[in-house]
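K.L.:
First the structure, then my questions, so here it is.
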Amino acid sequence: MLSNPTYVHYAILTAMLAPAFFLTATAALLGAANTRLARVVDRLRSLIVAWEAEAPDRAERDVQITRHRQRAHLVLRACQMLYAALASFVGTSLALAMDALLGFRMGALPTMLAVFGVLFLLAASFSLWREVSLAVRSFDNELDQEFTRKRG
């Protein structure tokens, strides 16, 4: 049954769809990461304006700026890994098609590209996890400072 060229083409197309699901998930994460990066940068800019105003809480602003820079770098790293994952999944689809055209001579290359894509996706998830944890800690610290200021 698989010797029929029509079935072989369907099998190849079906195999090429699996990386497309990873592409969709990666693109969604990338959109969210880019939004987070934009928000961190906006917050950092507002902190810099407050820092330049020579406010009495300048030391607190220094700490906040440092924390937000760390967040920006974590999100940037996640975006870089997500772009690498996208490239890996696109490469997987192309490698599957090329492998079929070349008579299945590429060996493990399509599989390795998919594995690299999943590893990049995993690493990006850890980076985003760290950034979210840092964001919550930063928010808690800022709330504590505001409560102290309001009560004092």
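K.L.:
Please indicate, with yes or no, whether at least one residue in the range 73-87 is exposed (fewer than 12 other Cβ atoms within 10 Å of the Cβ), assigned to a helix (DSSP H, G or I), under 28 Å from the mean Cα position of the chain (by Cα) and not aromatic (Phe, Trp, Tyr).
P.N.:
Start the filter on the range 73-87 by keeping residues that are exposed (fewer than 12 other Cβ atoms within 10 Å of the Cβ), which leaves none.
The answer is no; no qualifying residue exists.
K.L.:
Oh, and also: Write out, first by first residue and then by second, each pair whose Cβ atoms fall under 8 Å of each other, whose residues are 6+ apart or on separate chains, and whose first residue, in the range 61-90, is farther than 13 Å from residue 48 by Cβ while the second is of a type in the set (Val, Ile, Thr) and in a helix (DSSP H, G or I).
P.N.:
71/40; 75/40; 82/26; 85/26; 85/118; 86/26; 89/26
K.L.:
Taking into account only those residues within the range 19-40 that are exposed (fewer than 15 other Cβ atoms within 10 Å of the Cβ) and of a type in the set (A, V, I, L, M), which is modelled with the lowest pLDDT?
P.N.:
Per the stated criteria, the residue is 20.
K.L.:
Then there is this: Suppose we keep only residues that are more than 17 Å from residue 80 (Cβ to Cβ) and among the small types (Gly, Ala, Ser) within the range 98-121. Which one would you say is surrounded by the most Cβ atoms within 10 Å (Cβ to Cβ)?
P.N.:
Taking the range 98-121 as the starting set, the residues that turn out to be more than 17 Å from residue 80 (Cβ to Cβ) are 98-115.
Going one step further and asking which of them are among the small types (Gly, Ala, Ser), we end up with 100, 103, 107-108, 114.
On the way: 100: 18, 103: 7, 107: 9, 108: 9, 114: 20.
The selected residue is 114.
The values are calculated or read from the model by the stated rules, or taken from the named source; none is laboratory data. Small disclaimer: the values here were computed from a predicted structure and weren't measured. Counting neighbours? That spans all protein chains shown, and the Cβs are built from the backbone with ideal geometry, glycine included.
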